[in-house]
Each structure stands twice: as C-alpha cells, then as structure tokens.
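Asks: Okay, handing you the structure first.
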C-alpha cells in the first residue's frame, strides 16, 4: 500500500496543503516517510457534512448489513499483513508480538460488535400493549428501542495504535450502533492510521455503505479536534488520552449551544492493594506479577498500576526487595514519542526530589538522568508512607510510563482513608487470601464507589474484550462514569431511546413489529421474551 | 397532619429561621398557612452529609428491601387521603379529579419501581466465564452489574405537584436504584411537599432505612438548589422546569471540578403534524382532541402541543374553525402561580403583536388583556404560515399555558424543512391515514432524530407510566437525550456499571453469584438466561 499523507474525506482524499508533519521512529529519532498534511477546515466541513448525510441512510441499515461491514473491516485489516505491523512498529517502537496481539484484539472487537448487532437484542426493545378497556383512560400501545445519535467524532490514542485508534473500540461500537464516524488520527502514528482508514473505506465500498460513513482527518495540532467537538452536526465524541486534553475537550463539548455526550478515558493510577495474608504467603510472586504489569508496553497503559499499598513490617521486605531488584535490572525502554519521554522524565525528576518520597530503583537519581535522551527512559520505583501520601494529593497523579509508587501503611484506618480520598479510577486490584477479602470487606465497599473494575489476585493491564467488561470509572478516570469504552456495553454510549405510541405495525421498526421478525429478546409487558405477540393479546 | 413549615433533615426537622414564604391559593390570591422557611446552608450540609453516610448502607439493601420501602411510601401517601388532595388543590387550583388521577399515577409509579427492583433483572448482570486454556493468555472471569451513584438531588416541578415532585418519578427511580434522595421542594406547593415528605420519612422508619435516605429542603429562592447541584457529595441531579432554570443548573453541574450527570426536562412544543388524508377525513374530530390536549391542566403540561402543522386549503377550514370556536368559548383558566400567569400573558401579548402571526382566538386582543389579573388567563390560538415560521425561530419557543400556534404549509418541502430545523422535542404527533404514513415516511425519519416519542393518531399529553415509555428527547427538550424521566428505563439515569474480575463466588454481589440466588436474567457468555452457572462450565 502506498501511503499518501492526506486525509480521507468520505470516498475522496484531501489535499497536501495543510501544515505538514512526519511520523518519527522513536528508536532512531528519524522521521518516517511520507509527509503528512493537516486537514483544512474546508475538508473537515466536507467530511462532517458527508457524515450527516450518510447518517440518514446508515442509521436505517439492518444489523446484518452493519455486521457485514464490521467483519469486512476486520478482514481488510488482516489482509494488510506484515506491512501494517512493520509500519506500526516503526511508528511506536512497540514489539511485533504485542502488535500481533493488538491486531487480533482489534479484529476480535470488530467481530464481537458484528455478532452483537447481527443478533439484534442489544437495542433493548420494549413493548407495552394497549388496553382499550382500562379506566379511567384507555392504555395506549407503547414501544421503544435504542437508536443511533448521528455523526460521532473519535480521537485516536497514542498508546494503542490499533485497538484504541482508527478502527478501535470507539469506532467499532459507534459504527455498530448505526453512527457515521469521523476519526481524528493521532499524529504519532499517521501511517498506521492511513492504512487502517483505507481498510475501512474499502470495506465501505465492498458493503455499499454510504459515502461519509467514515472519514479520517490528520492534524499536526489541536484545531481539527476542537472543530470536531464543537461542530453542530457532530452528535457525540469519544476520546482516549491525557487528562489535560480530555478536560479541555470535555469543556468544549459542555459549552456548546447544544451540549453533546462526551466520553473521555483520561487518567488512572489503578491502585493495587496487597493485603496482609497475600503479602505473607506470596509477596515475591506478587512482586514479579506487578513488575510485569508496570512495565508492560513500557508502562504506557491506561491501566498501569501507579500506586501499590502494602502493610509496613517484616512481611513487606521480600516483596519490596524483589520489586526493586527487578526494576533496577531493567534496561531502558523506548517510549512512544519524544514528548511522552520528556514528560515522563520530568515527572520522575520531580518525584525523586519530592520531600516525602524515596527512590528505591534505580539506585540513584543519576541513572534517571542518564535516560534524558529522546524516547529512552528507565523504569522507576518510588516509596512513601500512607500518612505522607494522604497529605500530598500530587502523589495520586498518574505518571504515564514505567514507574510506580509503593505506599506503606501501619494502620488499617490509613488504608481506608486512602481509599476514601482516592479520585475515580478505572480499576483497583486486591491481592489477598479469602480471609483477607472477609477482613477487608469495608475496603471493597469503598472501592466499589471509586472504580469501574475490581480485580482479585490479578493485575489491571490486559483488558478483556467481552460482554461484562467495564473499562470506565468515575471522574476523572473518565468524563462519564456511566459508560465503558471496552466490551459490548460500549455501544450504549452512542444511542438514545425512541418511542412509538399507537403506531400501525407496518410503520414500526422491525425490532418492534408484532411478529418479531428478527427473533430478538424484547421486554413485553414487563417480561423478557423472544416470542412474537399473538393475536389474542396473550 | 399538622404542617410545620420547616425542612426535613434526615429524621429531624429544620429550624424556622430562614427566609420565610407562603404558598398562595391561585384562585383567591390569598396566602395559605403555615409560614414556610428556607433551609439554612448548615441544614443543607447536614442533609447532604446524612445522605452520603446513608448511601453506604442504603446501596447495600436488597431489591426486596427497597421494594418494601417504595410500597410503604405509596401506602402512606394514600393514607393521607382527602387532606392531601385538598391541600394540593388549594396550592395549585388543579381540580380534584385530576389530582386523584395524579395521586394514583404517583403511587402506581412507586409500585412499578418496587416490582422492578424486587424482580431484580434490571441490573443488567453480565457474566463472561474464565477460560484458563485460552491462548496466548488465559481468559479471566469477568462479571458486572449496575450500581447506584450516590446522593441524588431532585427538584420538584410546579405543574405536577405529586407525580413530578417530592415522591415523583425522579425520587422513585433514584431510590429504587439504591441512591439517597435530597428533594428541593417547589415553593409553589410547600404544604403538599411537606405532607408527602413526611409520608416518605414514616416509610423510612417503618422499613428501617438509614437516616439520610431522604431529606426535603425548602427554599424561597435559588440558593439551596444551586448548592445541591454543586455539592461534592451530590452525585446526580434530576430537574423538571423551565429552560432558563434548567440551563443555568446544567451549566453549574458541568462546571463542577467533577462534573456529574444532570437530567433536566426543560421545554418542548410537541409539534402535531396533521397529514392531508386525516385532515380531510376527520378534521373536526382532530380539532376537538387537540383542544382537549392544549387546555388539559390549563396547558401547563410539558407535553402540551404548542405547534400544529396543517396543509393550506379547503380541507383545513373546518379544522381551523372548530378549533378557534372551541378556544374562543373557553372561560379563563386559573394558572398555577402568579409568576406563570404573568409570563404567559406577556408571551401572548408578544405573540399577538408578532408581525407574521394572526390571533384566531379569542377574537380580539382586548380579551387577552382582560385576563391580566393574578393567575387568570385565557386560552389562545395563533396562526402563521410555514415560510414565516421558518424565518422566525422565536415562534418555535414554548409558551407555558393554554396556547398553541397553527402553521399552514402549501408545499410539502416546507413541512420537511420545518421538521429538519426543529429543536429537540419530547414528542411529535402524526395524525394520518395509513396512506399518509407511507407518503410521509421521510417526515417520520426526520422526526425520529428529533424527538423522544412519536405518537400516531393521538396527543402527547398523558404520559403512560410503563416499561417502554420514553419521556425525554434531544437537547433542549432535555439536557441528556439518552435518558427518560418516565417509565422503568428512568432508573438507569442513576446507575453506573461496576465490574468484578476473578472474584471468589462468596465475595460477589448476589446478582453475580454462580448459583443465581435471585433468579434474575443474566447475560452469560453472551446469552440471556435465568439459569445458574453449573459446575461443568456449560
């Protein structure tokens, strides 16, 4: 595939006229061909208008048609073969096996949403039948289902160039629900974005989808993103990235004349609670698992454990020593971009000089300074105590990269205080024995109000794509704690209920017709059933 | 029951020290005893802290326990008997039969949510089972369900003193989901609010609910409402009222350091499309139905039809004449408050002098001026044409009270243009033959993107409380078009999903335990079932 460096505006291509930029190989620091060009405002306008027009058609496609489209996207991505993986590796420095797994996850996700909309019950179809004899007024026939919102803007993330990017979970769920998608490509992997974007366009052609069902916009800066969030025809936004960028766009969405749903997955320190029984029984083993989780993908996961809580005392020593040793022995990582590298090194610098923090690994700050080149960065382990942590809320901020903070507590109540004071998080993990779980039931009750996902004897990295997954959490982990960006529940972000009262059967959407032609689950007079309504009204 | 005039702060009462106010009988203009006192900031703080503490206990109550509580509230409201209805009638000038129906609806609603949470399947329980043999990594056990958010602030509405007020749909759905509720009473019916609030407190005592599960705050002004929306412990807000008030509070919720879900049902003109076939067949009959809908409750319904679209020509004359005649013959109404009366009369005054609008009934503007006393107001019928309507967006604004605007069109395309230009609405109604429905399929497709509920051959007033109802709609009909404030789907407003990964069975919520002790519907490995998980993993 020949990369051209211009945006994809419906079925056409943009012009090579906007501000130019290059992808950079994080390992070498060298720019990668070709030159990329920011979309113009006119191109953006055209893409949005095409999306708005496409909505009228695309929203009326059947679940079967959308399933075929999603599956074709997966097939086309797989057909890109090694050329895609090589480009992603060049743009991100992520190792090929990780990228193979991420591609598999991306395609699995597209097929999972295809299965969901083909089966069709996801629309939450509800029917309450009429009762003309009811007193004092007759009861009408009322039926409702979920419908798509309209054009959705999706922001590609730097750290998952496939699974949270052009054809990632946001795009898959928005398309599955019947919404056209406008992706703002992440400038760190434009070549990857263009390849995947063209795979989507080919699938749109193959499946006779309307022009505008998908567009891909490049931008070196933030103008295009802001213009998407504030455009009157854009009806919802999905974003994955930093808290600062997420909050800025969230404020734009809220201050529109017509505020729209805005889903940002922003930041999380994913606390790990290592309870006393588990610490005694298998401290070193947990240290090895934690090390793997903190350094996975060079620590550039939104679910990376950033705070680890353990009880002070003899039982903690083997754990701490093992973890410090593993981190001290780790050669430097190559982070995704020079910007992420610089921010990470600055955060390490600050934290290593923090008055209440000790640097446990590497052994000296001079090792940290030795990393101060481009994308290269050492893993780091810091330590503080619970009382200091409680009075320094800055220690609860995410450091994006392979660093984590041990917090030791001497009193159970401090642990609970930390949980109570915690900001909203994507996850919290508990390592414990079954006795620990009973003894810390109060901790779990607090955490249930703070996080989207609670993990027992495991680590938060590696988010399973399935029906039950919740990859979300109270603000500021996300902008909207009612939602998840992973798993089939993610489709509900881009829908709203529409109700039909006393409509003739023929004029109803298929999902609500008496005969239940799609054979879906429906709530009929308060009971879930896949049966058609019969003529007797029973 | 002796009314005391002070707020209800958990299980105690506030002090008679804040700014005082009276309910006013709209018919006589006389103040009603007793004096009411605005809650102090200290009282508000105490109520919110009690709610935050109650949440820990209340969120853990079972569906059975919450069902008993909701049913006891209904029983206690019914036990207030005629004394309640008389007080409501004094405070609102609404006729007793209407209030009997509204009380029945309110109690039905409480019992419907009781049934919902007792049955229990509403929590959307999902289970994806582990697969330790999966390659390249084992699949974890992932389970999730919906959990309550925390203390919810509810604003009582003036126009439904029972069904959208202290124990109305917002309170019922928030309590059903497991959230404590803080109601800000509408100052136009404080006696009604106090009586119903005490009925809730008695139910809380009888059902051993924690103190703080409910509080009721009075305020002559807007301070308490704003303080609730911005309080850190308040986790969601439900509001029904004017667009101006709704937008102001919506902005407060969005500009919090931690924005929270804010559900406002604001304004809607509920357009009525009378299609050509129906106009010819039964124009006069539709005129009578429309008249009843426009004047129901003195036009003070959020679903009152405010814009009526009909084709110009001979067929329209009998319809227009009938409607104008009915409205011209109508004696003046007593509106809810002098404020509503003054706003309504000012709106009629403006509209009757609008350059593109004709007043059809009453026959002269002098009749309108004759109503300019207190709460008294005449019904009014205005007319304009489609092209004028399209260039005067002010004509699309709601007039709260018994007035409506006929818009005649000569070209089908103008009708579609009006639908396309329309703001988000709660409802749209189509009067037509089955042929009309086919001929105006494009109109229906537009309306599906604009409204929460589409009604065929009926009127939007009278919102059925049922599972399939959608009383919501795109902004600015509501602040959040993904929600409904009526019907069992309303419970989802006050929930978020929480996920448990690899948890021991005993530590899971009952809804997610292997044996399915509650017998609820669950999505197990993508299939809906009420069966327990069996030991073989099948």
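Derivation of every value follows stated rules applied to the coordinates shown; laboratory data play no part. All figures in this text were calculated on a predicted structure; none of them were measured in a lab. Using ideal geometry, Cβ is built from the backbone for each residue, glycine included, and neighbour counts are taken over all protein chains shown.
Asks: What Kirkwood hydrodynamic radius, in Å, does the stretch B:413-538 give when the mean of 1/r is taken over all pairs of distinct Cα atoms and then inverted?
Replies: The answer is 18.1 Å.
Asks: Taking the axis about which chain A rotates onto chain B, which residue of A lies nearest it as judged by Cβ position, and how many whole Å separate them?
Replies: Minimum Cβ distance to the axis, with residue: A:254, 2.
Asks: Shifting gears a bit: To the nearest 10 degrees, how steeply does helix A:81-92 sit against the main Cα axis of chain A, on a 0 to 90 scale?
Replies: It works out to around 50 degrees.
Asks: When Cβ neighbours within 10 Å are restricted to other protein chains, what is their mean count per residue of peptide B:140-146?
Replies: Average neighbour count from other chains, rounded to a whole number: 6.
Asks: Note down the relative contact order for the stretch B:102-165 as a percent, whole number, built from C-alpha pairs under 8 angstrom at least six residues apart.
Replies: About 32 percent, as a whole number.
Asks: Still on this structure, please answer the following. Which of the peptides B:521-532, B:99-110, A:420-431, A:208-219 is most tightly packed, and how do the rest follow, going by the mean number of other Cβ atoms within 10 Å of each residue? Present the calculation step by step, with values, prior to reporting the outcome.
Replies: Numbers: B:521-532: 16.2, B:99-110: 20.5, A:420-431: 23.2, A:208-219: 24.8.
Descending packing order for the listed peptides: A:208-219, A:420-431, B:99-110, B:521-532.
Asks: What is the projected area of the convex hull of the Cα atoms of the stretch B:288-379, averaged over all directions, in nm²?
Replies: Values: hull surface 24.2 nm².
Seen from a random direction, the Cα hull of the stretch B:288-379 projects 6.1 nm² on average.
Asks: At residue A:355, with labels set 7 Å past Cα in the Cβ direction, how many nm apart are the copies from this one, shortest first?
Replies: Residue A:355 label point versus its equivalents elsewhere: 6.9 nm.
Asks: Taking the alpha-carbon centroid of each part, what is the distance from the stretch B:464-492 to the stretch A:437-469 in angstrom?
Replies: Value for the Cα centre distance between the two parts: 31 Å.
Asks: Rounded to the nearest 0.05, what FRET efficiency do residue B:42 and residue B:20 have when you use their Cβ-Cβ distance and R0 = 22 Å?
Replies: Computed FRET efficiency for residue B:42 and residue B:20: 0.80.
Asks: In vacuo Debye scattering of the stretch A:139-253, one point per C-alpha: log10 I(q)/I(0) at q = 0.10, 0.22 Å⁻¹?
Replies: Debye output, listed in q order: -0.31, -1.28.
Asks: Using a simple spin-label model with points 7 Å from Cα along the Cα→Cβ vector, what separation in nm is obtained for residue B:420 and residue B:258?
Replies: Result: 4.5 nm between the two label points.
Asks: While we're here: State the volume of the convex hull built on the alpha-carbon positions of the protein assembly as shown, expressed per residue in Å³ and rounded to an integer.
Replies: Measuring per residue, one finds 161 Å³ for the Cα hull of the protein assembly as shown.
Asks: Right, here's the next one. How would you classify the stretch A:41-84 from its alpha-carbon gyration tensor, with a ≥ b ≥ c the square roots of the eigenvalues: rounded for a/c under 1.5, else prolate if a/b is greater than b/c, otherwise oblate?
Replies: In terms of gyration-tensor shape, oblate.
Asks: Mind jotting down the distance between the C-alpha centroids of the stretch A:16-51 and the stretch B:13-60, whole Å?
Replies: For the stretch B:13-60 versus the stretch A:16-51, the Cα centre distance is 58 Å.
Asks: Among A:118, B:321, rank each residue by its count of other Cβ atoms within 10 Å, from fewest to most, as a rough exposure measure.
Replies: Taking fewest neighbouring Cβ atoms as first place, the list is B:321, A:118.
Asks: Can you give the angle from 0 to 90° between the axis of helix A:41-58 and the longest principal axis of chain A, with both taken from C-alpha atoms, to the nearest 10?
Replies: Helix A:41-58 sits roughly 50 degrees off the main axis of chain A.
Asks: So, one more: In nanometres, what is the gap between the two model label sites at residue B:119 and residue B:410, each 7 Å from Cα along Cα-to-Cβ?
Replies: According to this spin-label approximation, the distance is 5.4 nm.
Asks: Mind listing the Cα extents of chain A along all three principal axes, in Å, largest one first?
Replies: The principal-axis extents, from largest down, are 75, 62, 41 Å.
Asks: Quote the convex hull volume per residue of the stretch A:1-122, based on C-alpha atoms, as a whole number of Å³. It would help to have the intermediate numbers written out before the result.
Replies: Details: hull volume 15.4 nm³, N = 122.
Convex hull volume per residue, Cα atoms: 126 Å³.
Asks: Angle, helix B:276-295 long axis vs. longest principal axis of chain B, Cα atoms, 0 to 90°, nearest 10?
Replies: Its long axis makes an angle of about 70 degrees.
Asks: State, as an integer percentage, the relative contact order of the stretch A:423-526 based on alpha-carbon contacts under 8 Å between residues 6 or more apart.
Replies: Numbers: 141 pairs, mean separation 23.1, N = 104.
This gives 22 percent for the stretch A:423-526.
Asks: Another question about this same structure. Along its three principal axes, how long is the stretch B:341-451 when you only count alpha carbons? Whole Å, largest extent first please.
Replies: 47, 25, 25
Asks: So if I restrict to the alpha-carbon atoms in the stretch B:371-420, what is the Rg, and what is Dmax, the biggest pairwise distance, in Å?
Replies: Spelled out, the Cα radius of gyration and Dmax of the stretch B:371-420 are 13.6, 43 Å.
Asks: Take every residue in peptide B:491-498, count the Cβ atoms of other chains within 10 Å of its Cβ, and give the average of those counts. Intermediate results must be reported in sequence, preceding the final value.
Replies: Numbers: counts 0, 4, 1, 1, 2, 12, 14, 12.
For this peptide, the per-residue mean of nearby foreign Cβ atoms is 6.
Asks: Take residue B:2 and residue B:101, extend 7 Å from each Cα along the Cα→Cβ direction, and tell me the distance between the two endpoints in nm.
Replies: The two pseudo-label positions are separated by 3.7 nm.
Asks: Set the Förster radius R0 to 25 Å, insert the Cβ-Cβ distance between residue A:284 and residue A:328 as r into 1/(1 + (r/R0)^6), and round the FRET efficiency to 0.05. Could the numbers behind the result be given before it?
Replies: Working: r = 15 Å, r/R0 = 0.61.
The formula returns an efficiency of 0.95 here.
Asks: Would you list A:493, A:134, B:351 from fewest to most Cβ contacts within 10 Å?
Replies: Lowest to highest Cβ neighbour count: A:134, B:351, A:493.
Asks: Taking Cα atoms of the stretch B:476-538, Rg/Rh with Kirkwood Rh, to two decimals? Display every interim value, and only then the final one.
Replies: Details: Rg = 15.9 Å, Rh = 14.4 Å.
Rg divided by Rh gives 1.11.
Asks: Okay, next question. What is the antiparallel percent of DSSP beta bridges lying wholly in the protein assembly as shown, to the nearest 5?
Replies: On the way: 54 of 137 bridges.
So the antiparallel bridges in the protein assembly as shown amount to around 40 percent.
Asks: Moving on. Could you sort the peptides B:160-168, B:408-416, A:255-263 by per-residue average Cβ neighbour count (10 Å cutoff), highest mean leading?
Replies: Taking the mean over residues of other Cβ atoms within 10 Å, the ranking is B:160-168, A:255-263, B:408-416.
Asks: Ordered shortest first, which distances in nm separate the 7 Å Cα→C-beta label point of residue A:332 from those of the other copies?
Replies: 8.4
Asks: While we're on this one: Note down the relative contact order for the stretch B:139-192 as a percent, whole number, built from C-alpha pairs under 8 angstrom at least six residues apart.
Replies: Numbers: 64 pairs, mean separation 22.5, N = 54.
So the answer I get is 42 percent.
Asks: What gaps in nm, shortest first, separate residue B:392 from its twins in the other copies when you place the label 7 Å past Cα toward the beta carbon?
Replies: Reported distances to equivalent positions: 6.7 nm.
Asks: Distance from the Cα centre of the stretch B:288-336 to that of the stretch B:140-174, in angstrom?
Replies: Their Cα centres are 34 Å away from one another.
Asks: Let me ask something else. Which ordering of B:492, A:389, B:36 is given by a fewest-first count of other beta-carbon atoms within 10 Å?
Replies: Arranged by neighbour count, lowest to highest, B:492, A:389, B:36 become B:492, A:389, B:36.
Asks: Using just the alpha carbons, could you tell me how many Å³ per residue the convex hull of the stretch B:13-69 encloses?
Replies: So the per-residue Cα hull volume is 131 Å³.
Asks: What's the average, rounded to a whole number, of partner chain beta-carbon atoms within 10 Å of each residue's beta-carbon in B:500-508?
Replies: Numbers: counts 8, 15, 6, 7, 7, 0, 3, 9, 1.
For peptide B:500-508, the averaged partner shielding equals 6.
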